[in-house]
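The values are calculated or read from the model by the stated rules, or taken from the named source; none is laboratory data. Just so you know, these numbers come straight off a predicted model, no measurement behind them. Cβ sites come from the backbone with ideal geometry, for glycine too, and all protein chains shown count toward neighbours.
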Amino acid sequence: MSRLASELHRLRRSPWEVLCSALVSCGLVLFSQLAVAIVPRLLPSISLLAMLPVAGLVFLAAILVGRFWRRFIGVAASAPLFVLFNVLFLWGVYLFVIRRDTSSLLDMLINAECALLLWGLYRLATPL
């Protein structure tokens, strides 16, 4: 039992490391989402179907640049926090920008989908 306790104590991170990880994850989400938001402004003349792969490549490039930057400064990011911040960012954009122009059925479906994504993330993050 003491060996397990010593392993758990060794795996714990300081509050400063957890805070840095959360800030880096939040910064990577904002960087990647803003990079994707720039695509329609830079290429307004192409169609939506042609813009989707371009936005996907820009998102991937932003993630790779963020990963390189994170390793360069030596701070670990958290994948669950990255997913959580992405869901919260998209949900916030929906609530404050898009929600005014949607029907109540679509509003209920999108809110339920975000709630299920957050619940699934919670289930993945909690130990058995």
* Residue, surrounded by the fewest Cβ atoms within 10 Å (Cβ to Cβ), within segment 64-78, restricted to residues that are modelled with pLDDT of 85 or more and of a type in the set (A, V, I, L, M) -> LEU64
* Asked: Within segment 47-62, can one find any residue that is closer than 15 Å to LEU34 by Cβ and of a type in the set (S, T, N, Q)?
  -> no
* Asked: Being under 18 Å from LEU34 (Cβ atoms) and either touching a His at 6+ places or on another chain (Cβ under 7 Å) or among the aromatic types (Phe, Trp, Tyr) (or both), is that true of even one residue in segment 94-103?
  -> yes
* To do: Assess whether PHE82 counts as being without any contact (Cβ under 8 Å) to a residue 60 or more places away in the chain, surrounded by 13 or more Cβ atoms within 10 Å (Cβ to Cβ) and outside the structural domain of TRP16 (by TED's automatic domain parsing).
  => yes
* Has segment 15-32 got any residue that is more than 24 Å from LEU124 (Cα to Cα) and at pLDDT 85 or above? -> yes
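So that you can scan it fast, the table gives a plain yes or no per residue for (1) in the same structural domain as SER14 (by TED's automatic domain parsing); (2) in contact with a Leu (Cβ under 9 Å, 6 or more places away or on another chain):
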residue	(1), (2)
LEU48	yes, no
ILE63	yes, yes
LEU88	no, yes
TYR94	no, no
ARG99	no, no
SER104	no, no
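Residues are listed down the side, and each one gets a yes or a no for (1) aliphatic (A, V, I, L, M); (2) under 15 Å from the mean Cα position of the chain (by Cα); (3) in a helix (DSSP H, G or I):
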position	(1), (2), (3)
ARG13	no, no, no
SER45	no, no, no
LEU52	yes, no, yes
LEU64	yes, yes, yes
PRO80	no, yes, yes
LEU90	yes, yes, yes
LEU121	yes, yes, yes
